[in-house]
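J.: One structure follows; several queries about it will come next.
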Amino acid sequence: MAASRQAAMFRLPPLPTIGEIIKLFKLRAEKQLSQNFLLDLRLTDKIVRKAGSLKDAHVCEVGPGPGGITRSILNAGVAEVLLIEKDQRFIPGLQMLSDAAPGKVRIVHGDILTYNKLGKAFPEQLMKNWEDDPPDIHIIGNLPFSVSTPLIIKWLENISKRDGPFRYGRTQMTLTFQKEVGEVDVTVVHFTPLVQPKIEQPFKLVEKVVRTVFQFRRKYCHQSVRVLFPEAERLEKAEQLLKLADVDPTLRPTQLSMFHFKSLCDVYRKMCDEDPKLFTYNYRDELTEKRNRKRSRFCKTNDDVI
Ligand code: SAM
């Protein structure tokens, strides 16, 4: 029988349910770690289907926990799944899954935010040119918001440099986002990196502009745009930026389009080229410095007391 037909036909043997695994290994969800588990295999199948066909694919699952999504990934006929889990308590349950699917599961006990071996984690022959179709590599995960947000920013930077998991080409990601722990509705977002970025500026610059604009998400954008500039020239420069970028100052951050952001980044880049100190200017540093100055005016330091 051809290897690919064998892979397509792979089904996990009968196993304890995820609920039973949780009881067996005493895997109480740690609320302070925002843990909550998907127990319904129909739901985990639905999440995994969002990734597209996984037949013979190489998958990295981040935060597998008791392994509900992992089972759906294995049942989709993958070549291999790499599991990265931070909480040691889940490793024995995942090992049980690994025993049920010999040669298909690799387990790493580690933190995905600091794990830096994804750029070497898959077979080299899977590598594709950036302009080609995506490689047969997928990242899937149901992580808490507090982890998925910094992680997606880290991966966006990896995409811009084509390193980390994107060294293999335009690796696709399927990630769930939950607003609150325990909320039943999860939003599943499938990402495929674009061949050509919509904003052709350095990642750090784009990140700074977007992060700053969203700083006061309910206010008019001119209020957040101001803090891109030192206090002395704030009003004048913010007005200049919005005018040159053709952005209505009374739009709120969520009303700005991709075109608006592109335009803001392009004009801000020109301003930074004209004033090289501007890019390193950080509003928060200025605030901290101001607060410290104020404090030292009113408090005696230890040195003074001695
Ligand atoms: N994927 C499982 C499911 O859907 O039932 C568990 C989901 S639970 C919301 C998040 C999982 O991610 C937990 O198992 C937690 O230990 C793990 N996790 C949290 N932060 C992590 C990190 N930085 N690196 C790796 N795993 C992490």
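The values are calculated or read from the model by the stated rules, or taken from the named source; none is laboratory data. Quantities reported herein were computed from a predicted structural model and do not represent experimental measurements. FYI the Cβ positions are ideal-geometry reconstructions off the backbone, even for glycines, and counts take in every protein chain you see. All accessible areas refer to the heavy atoms of the entire protein, side chains included, with ligands and DNA or RNA removed. Shrake-Rupley method; radii C 1.70, N 1.55, O 1.52, S 1.80 Å.
J.: Going by the conditions given, is residue 65 on the phi > 0 side of the Ramachandran plot and either more than 7 Å from the ligand (Cβ to nearest atom) or touching a helix residue (DSSP H, G or I) at 6+ places or on another chain (Cβ under 9 Å) (or both)?
T.: yes
J.: Further question on the same structure: Restricting the first residue to segment 244-271 and requiring it to be in contact (Cβ under 8 Å) with a residue 60 or more places away in the chain, which pairs with a second residue that is part of a loop (DSSP other than H, G, I, E, B) meet a Cβ separation below 6 Å and a spacing of at least six or different chains?
T.: Once the first residue is in contact (Cβ under 8 Å) with a residue 60 or more places away in the chain and sits in segment 244-271, its partners that are part of a loop (DSSP other than H, G, I, E, B) give 258/198; 262/199; 265/199; 265/201; 269/201.
J.: Which residue out of 137, 152 is within 16 Å of the ligand (Cβ to nearest atom) and aliphatic (A, V, I, L, M)?
T.: Going through 137, 152 in turn, just one is within 16 Å of the ligand (Cβ to nearest atom) and aliphatic (A, V, I, L, M): 152.
J.: Of all the residues that make up segment 235-261, how many are open to solvent by 70 Å² or more (accessible area, probe 1.4 Å) and not polar (S, T, N, Q)?
T.: 10
J.: Also, I was wondering about something else. List every residue pair whose Cβ atoms lie under 6 Å apart, where the two residues are 6 or more positions apart in sequence or sit on different chains, the first residue falls within segment 108-120 and is farther than 16 Å from residue 64 by Cβ, and the second residue, located anywhere, is more than 7 Å from the ligand (Cβ to nearest atom) and open to solvent by 60 Å² or more (accessible area, probe 1.4 Å).
T.: Partner pairs satisfying both residue conditions: 119/167.
J.: Ok, one more. Out of (1) part of a strand (DSSP E or B); (2) touching a Pro at 6+ places or on another chain (Cβ under 9 Å), what's the single condition that is false for residue 190?
T.: Among (1) part of a strand (DSSP E or B); (2) touching a Pro at 6+ places or on another chain (Cβ under 9 Å), the lone unmet condition for residue 190 is (2).
J.: I'm told residue 138 meets every condition in (1) at pLDDT 95 or above; (2) open to solvent by 20 Å² or more (accessible area, probe 1.4 Å) except one. Can you identify the failing condition by its number?
T.: (2)
J.: Additional query: Taking the criterion of being hydroxyl-bearing (Ser, Thr, Tyr) and either under 28 Å from residue 200 (Cβ atoms) or open to solvent by less than 30 Å² (accessible area, probe 1.4 Å) (or both), would at least one residue in segment 111-119 satisfy it?
T.: no
J.: Here is a follow-up. May I ask you to say which residue of 52, 110, 103, 77 is modelled with pLDDT of 95 or more, in contact with a helix residue (DSSP H, G or I) (Cβ under 8 Å, 6 or more places away or on another chain) and either near the ligand (Cβ under 8 Å from one of its atoms) or of a type outside the set (Lys, Arg) (or both)?
T.: Just a single option satisfies the conditions, and that option is 77.
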